[in-house]
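The values are calculated or read from the model by the stated rules, or taken from the named source; none is laboratory data. Predicted model, so just to flag it, every value in this text is computed and none were measured. Glycine also receives a Cβ, built like all others from the backbone with ideal geometry; neighbour counts cover every protein chain displayed.
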Amino acid sequence: MNYRDNTEVYFDEAVHPIKDGGKIKKETNGFNDIAGYVYVIGKRFPPYDNDKNMDLLKVGYSDIGTDGKLGRLESFRTTLINYKVYRIYLFRRLPTGKSGARAAEGKLHKKIDNDFEPRGADVRIKHSTGTDSEWWEIKPKYREKFLDFCDDEIQHLDTESAPIYATKFFKTGTSVLKFGSRSNRRVRYDTKGKLYELPGTRSRKTSNPYARGLRARESRAAEDARIAKAAVKAKAAVKSKPELATRAPAADFWRSVLVGKKFFDDDMYDDDPVEFGGNRIITDVVWEREKYKVKEVKGKWKYGIYQPMVEFEPDVRKAKKTGGDKAKQKRIKAASGFMIVPEVLNLYFPELKKKYKAGYEIWKKKNKYNEEESSNPRGAKQ
């Protein structure tokens with residue numbers, strides 16, 4: 001359902017439900033104890049500049065505004081213009097005065113990343129800084145499965161507060177999500193990351209500080225186990241396929257593959273020296289990050305991600321080895337430069353791109369590299 005597109009009555013009911021006979025109103029002190037909500041919204045748009053449109057879903061949280069309205073969703077009207085709302089889960093105010101929605105949102109993000117099936121059906125969008133955003137690319141055929149997953153998991157997260165009311169939004173109407181009794185399924189993760197149900201003696205809610213600390217320690221232990229397990233899995237994958245490395249050793253692998261390779265391009269950039277005939281050779285691959293000047297701010301620099309940077313120069317090694325005059329060395333330097341791995345493979349070495357497809361895709365994604373905006377009409381010398 002489009003937010004606030006002549007649908008105010010549905011969203012008012014989602015925050016201040018009265019069609020339940022006043023049950024929630026009574027339980028929450030006239031709605032005053034409802035402090036926040038977790039929401040699922042969606043929109044089709046390009047997440048990055050010059051990127052293609054994607055079907056994106058966002059799982060976020062917000063506090064209820066002082067006016068009792070959906071403050072965060074209202075603010076999105078300015079930035080997203082129009083978007084669809086799929087779920088709103090309401091949470092009580094905790095003894096600290098804050099909403100339980102924030103903790104639930106964070107736990108739900110981890111559940112999506114770790115447990116949503118099939119693997120690869122959800123692709124989490126990154127911020128420009130490389131950190132995770134609250135957006136996932138979910139193809140339309142997996143949307144209902146994703147929403148059902150959120151509906152089930154948000155009821156049983158290892159948090160202090162469970163949602164007290166939830167609304168499912170459709171194109172022309174809504175329905176109330178029926179929750180079971182949370183106490184019937186109190187779950188934890190063991191130190192191996194496996195989910196298990198607590199016995200009745202530990203399923204009860206408690207304000208005992210030790211019990212709360214135990215829950216926190218169990219959660220931390222499970223998360224540590226999950227991270228360690230993922231690291232072991234990633235290390236094993238890199239051992240069998242070195243091109244999957246995403247840290248400094250990645251430069252060693254691509255150096256072994258690319259150094260000494262020759263390619264031809266006589267018009268790589270403006271003012272490209274033509275006297276060397278466009279013949280280039282790859283001389284090194286280093287673990288580095290690009291540095292950009294921010295035009296709007298004097299003396300301000302912006303840095304890219306650390307990655308394997310492919311260095312090249314004109315294929316005139318003999319002239320360089322014997323020294324040559326300073327003017328010629330200056331022209332050689334002007335015709336030299338660096339590129340990123342996906343750019344090199346896509347433009348000049350299609351066979352290597354095919355051979356190391358998994359590694360190519362990793363750096364293509366990290367760099368948001370767009371193949372359609374690049375072309376190499378002459379091919380490469382290999």
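Residue by residue, here is whether (1) at pLDDT 80 or above; (2) assigned by TED's automatic domain parsing to the domain that holds residue 253; (3) in contact with a helix residue (DSSP H, G or I) (Cβ under 9 Å, 6 or more places away or on another chain) holds:
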{"residue": "271", "(1), (2), (3)": "no, yes, yes"}
{"residue": "275", "(1), (2), (3)": "no, yes, yes"}
{"residue": "283", "(1), (2), (3)": "yes, yes, yes"}
{"residue": "288", "(1), (2), (3)": "yes, yes, yes"}
{"residue": "303", "(1), (2), (3)": "no, yes, no"}
{"residue": "314", "(1), (2), (3)": "yes, yes, yes"}
{"residue": "336", "(1), (2), (3)": "yes, yes, no"}
{"residue": "347", "(1), (2), (3)": "yes, yes, no"}
{"residue": "382", "(1), (2), (3)": "no, no, yes"}
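Hey, any hits in the range 106-119 for a residue that's without any contact (Cβ under 8 Å) to a residue 40 or more places away in the chain, of a type outside the set (Ser, Thr, Tyr) and buried (at least 18 other Cβ atoms within 10 Å of the Cβ)? Looking for residues that are without any contact (Cβ under 8 Å) to a residue 40 or more places away in the chain, of a type outside the set (Ser, Thr, Tyr) and buried (at least 18 other Cβ atoms within 10 Å of the Cβ), one finds at least one in the range 106-119, hence yes. Inspect the range 154-170 for any residue being closer than 24 Å to residue 46 by Cα and hydroxyl-bearing (Ser, Thr, Tyr) and give the result as yes or no. Checking the range 154-170: not a single residue is closer than 24 Å to residue 46 by Cα and hydroxyl-bearing (Ser, Thr, Tyr). Condition (residue is touching a residue at least 60 places away in the same chain (Cβ under 8 Å), within 21 Å of the chain's Cα centre (by Cα) and part of a loop (DSSP other than H, G, I, E, B)) applied to the range 90-102: is it met by at least one residue? No, the range 90-102 has no match at all.
Among the residues of the range 158-181, just one is assigned to a loop (DSSP other than H, G, I, E, B), among the aromatic types (Phe, Trp, Tyr) and either within 24 Å of residue 94 (Cα to Cα) or not assigned by TED's automatic domain parsing to the domain that holds residue 96 (or both), namely 179.
Just need a number here: residues in the range 29-49 that are farther than 29 Å from residue 110 by Cα and either buried (at least 18 other Cβ atoms within 10 Å of the Cβ) or in contact with a helix residue (DSSP H, G or I) (Cβ under 7 Å, 6 or more places away or on another chain) (or both). Number satisfying all stated conditions: 1. Only residues that are outside any helix (DSSP H, G or I) and in contact with a Ser or Thr (Cβ under 9 Å, 6 or more places away or on another chain) were counted in the range 233-260, giving 2.
Name the single residue that is nearest to residue 140 (Cα to Cα) among those in the range 26-51 being in contact (Cβ under 8 Å) with a residue 24 or more places away in the chain and acidic (Asp, Glu). Selected residue: 51.
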